[in-house]
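Inspection log for the structure reproduced underneath, given as C-alpha cells.
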Amino acid sequence: MPIMRLAYTTLFLIALLAVFELWSQVGGQSHLDLMPWYLKLVLSTGAAFAVVKATAAAVAGERPWNYTTLRWAIILALLLVGCGLASYYVHLYGEQDEEEQPTQQSYHPRFSRPPAPGPRHQCAEGA
C-alpha cells in the first residue's frame, strides 16, 4: 500500500499544477495575481484533492464510474466553477492597474481655453 500513497501524492501535486495552469489560462493570470492567497489556496487544493479522491474511488470500485467517483467529479466541477466565479469577481471589483487609469490631459489649443491675459508691461522705447 505505500506505493499507492506515493502515487496519490504524486497525483495530488500534478493535479495542483494542472489546476493553477488551467486557472491562469482560462481566468487570466492578472486576475489570479490580484486574488487573495487564501481563496487560491482553498479552491486549488480542494480541486486537486477532489481529483485524487475521484481517482481513488475509481481504482477501488469494480467499475471506474461508480457513485463515489461521480460524487467527487461533481465536487470537482463545483470547485472549478468557484474558481471561475472568483476570477470573475476579481475582474469586476479588483484593483485597477496603473496603466488603465486616465492620465492628466495636456494642453491642446483647439480644445481648451487660451490662458487668461495678464498685465502687460510696456517698456520705454528710448531707454
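The values are calculated or read from the model by the stated rules, or taken from the named source; none is laboratory data. If you're wondering where the values come from, they're calculated on a predicted model, not measured in any experiment. Positions of Cβ are generated from backbone atoms using ideal geometry, with glycine treated the same way; all protein chains shown enter the neighbour counts.
General observations
- For the range 45-69, the tally of residues that are farther than 25 Å from Glu21 by Cβ and surrounded by 13 or more Cβ atoms within 10 Å (Cβ to Cβ) stands at 3.
- Residues of the range 72-90 classified as farther than 13 Å from Pro36 by Cα and touching a His at 6+ places or on another chain (Cβ under 9 Å), total: 1
- Enumerated helices (runs of 4 or more DSSP H) restricted to the range 29-127, each holding at least 3 residues that are within 19 Å of Phe12 (Cα to Cα) and at pLDDT 90 or above: 37-60, 67-93
- Leading residue by the ranking (farthest from Leu92 (Cα to Cα)) among those in the range 10-21 that are in contact (Cβ under 8 Å) with a residue 40 or more places away in the chain and surrounded by fewer than 18 Cβ atoms within 10 Å (Cβ to Cβ): Leu11
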